[in-house]
Amino acid sequence: AQRMTLPALLERKKNGRKITALTAYDYSMARLLDDLELDLVLVGDSVGMVSLGYDTTLPVTMDEMIHHTRAVRRGIGRALVVGDMPFMSYHVSDEETLRNAGRFIQEGGAEAVKMEGGTKLAGRIRTVVDAGISVMGHIGLTPQSIHQFGGYRVQGKNYYDARQIKKDALALQKAGVFAIVLEAIPAELAAEITSELDIPTIGIGAGKECDGQILVLNDLLGLNQEFTPKFVKRYAELGEAVQNAVQHYLDEVRSSAFPGAEHAYDLKRKPLREAGN
Ligand code: KIV
Ligand code: NA
């Protein structure tokens with residue numbers, strides 16, 4: 001299969017073929033996804049909640065992100081790998097932002113990075129893009145701002161907030177992002193933004209008119225036993241499947257049904273001569 005490229009992603013805006021994207025956090029899942037020829041894999045800072053057990057994405061560090069990005073990269077041959085810049089890695093200065101964005105490319109092997117933020121972040125994003133590092137935007141519900149929002153709530157429901165999100169989208173496009181994630185905003189607003197932009201939108205809780213869709217892999221697989229937002233569709237119940245399989249294993253170990261003869265090794269047979277034939 002042909003390798004996905006950033007220009008090919010932009011092309012989707014014109015030809016109307018939907019962009020398929022998911023998060024991944026490790027090698028084995030990345031391998032499974034890549035066989036299916038999805039377009040983009042985001043190593044999301046959601047790794048903090050999904051794999052590391054933090055309550056929010058805020059504690060996630062650059063080193064943790066690089067560690068997971070490298071693992072995912074090793075499993076992906078075709079899709080674009082995008083590294084999610086964690087909280088405080090692009091907030092202090094242009095210099096720190098460039099160094100951290102560069103690490104995702106140089107150490108992580110990612111093709112691009114993602115940052116949360118709109119108009120106020122546009123200048124910084126421009127600096128990164130000018131350094132030759134591709135950036136994906138992310139507006140609407142931006143989980144690194146959870147405390148400012150006062151919780152994970154839908155953004156852009158009223159006219160003024162919606163107008164601001166639209167402005168943010170246009171500012172990011174102008175700053176040079178190659179795509180924008182729209183998270184948890186009304187479908188109508190996402191549709192409007194999608195039709196006004198020249199670059200693709202990738203929605204998560206933003207309706208079907210976006211140019212593509214992304215979900216947190218563990219959510220769609222039903223591996224998340226905790227709260228699932230309204231915008232998640234659980235395509236499997238792997239959490240249940242894992243527990244059923246492990247329960248079965250536990251039972252068989254306790255009853256000595258496992259391992260069976262077919263899982264055990266035999267002693268080498270004696271050579272024929274020594275056996276007296
Ligand atoms: O961290 C993440 O998983 C994300 C996606 C949900 C867009 O930012
Ligand atoms: Na994220």
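Compactness ratio for the chain: Cα radius of gyration over 2.2 N^0.38 Å (N = residue count) comes to 1.22. Membrane-span-like helices of the chain, defined as complete DSSP H segments with a Cα extent of 18 Å or more along the helix axis and a mean Kyte hydropathy of at least -1.0, are identified as 62-75, 159-175, 238-254. Dipole check for region 102-227: with +1 at the C-beta of Lys and Arg, -1 at the C-beta of Asp and Glu, and the Cα centre as origin, the magnitude is about 420 Debye.
Sorting L42, L52 by the number of Cβ atoms found within 10 Å of their own Cβ, with the fewest placed first, yields L52, L42.
Which of M136, M88, M115 comes first, and how do the rest follow, when ranked by fewest Cβ neighbours within 10 Å? Taking fewest neighbouring Cβ atoms as first place, the list is M88, M115, M136. Could you work out the longest stretch of the chain that avoids the trypsin sites (Lys or Arg not before Pro) located in DSSP loops with at most 13 other Cβ atoms within 10 Å? Maximal segment without exposed cleavage sites: 18-152.
Note: relative contact order over the chain, using C-alpha pairs below 8 Å and six or more positions apart, is 15 percent.
Placing +1 on each Lys and Arg Cβ and -1 on each Asp and Glu Cβ, with no other charges, gives region 1-69 a dipole about its Cα centre of roughly 560 debye. Count charges around I66 for me, please; just the other residues with Cβ under 14 Å from its Cβ, Lys/Arg as +1, Asp/Glu as -1. The answer is -1. Dividing the mean sequence gap of close Cα pairs (under 8 Å, 6+ apart) by how many residues region 52-104 holds gives a relative contact order of 39 percent. Secondary-structure-derived ellipticity at 222 nm for the chain, considering helices only, amounts to -11500 deg cm²/dmol, per-run term -39500 (n - 2.57) for DSSP H runs with n ≥ 4. Considering the options G77, V177, G102, tell which one lies farthest towards the positive end of the dipole of region 6-237, charges being +1 on Lys and Arg and -1 on Asp and Glu at the Cβ, about the Cα centre. Going by the charge dipole, the pick is V177.
Considering only A257, L238, L36, the residue lying farthest towards the positive end of the dipole of the chain is L36, judged by Cα position with unit charges set on Cβ. Please identify the longest segment of the chain free of exposed chymotrypsin sites (Phe, Trp or Tyr not before Pro), where exposed means a DSSP state other than H, G, I, E or B and no more than 16 other Cβ atoms within 10 Å. Counting at most 16 other Cβ atoms within 10 Å as exposed, the longest clean stretch of the chain is 55-151.
Looking at the chain, the DSSP beta bridges with both ends there are about 5 percent antiparallel. Our note on the geometry: Cα centres of region 1-71 and region 156-207, 20 Å apart. From the square roots a ≥ b ≥ c of the eigenvalues of the alpha-carbon gyration tensor of region 45-108, which class results: rounded (a/c under 1.5), prolate (a/b over b/c), or oblate? Note, shape of region 45-108 comes out oblate. In terms of surrounding Cβ atoms within a 10 Å radius of their Cβ, D39, D161 rank from fewest to most as D161, D39. Taking each residue as 0.36 nm, the span from E95 to D161 lengthens on full extension beyond its C-alpha to C-alpha distance by 20.7 nm.
DSSP finds beta bridges in region 117-273, and of those with both partners inside it, around 10 percent are antiparallel.
Since every read-out is calculated from the coordinates, none of them should be taken as a lab result. Predicted model, so just to flag it, every value in this text is computed and none were measured. Quick reminder, even Gly has a Cβ in these numbers, built from the backbone with ideal geometry, and neighbours come from all protein chains shown.
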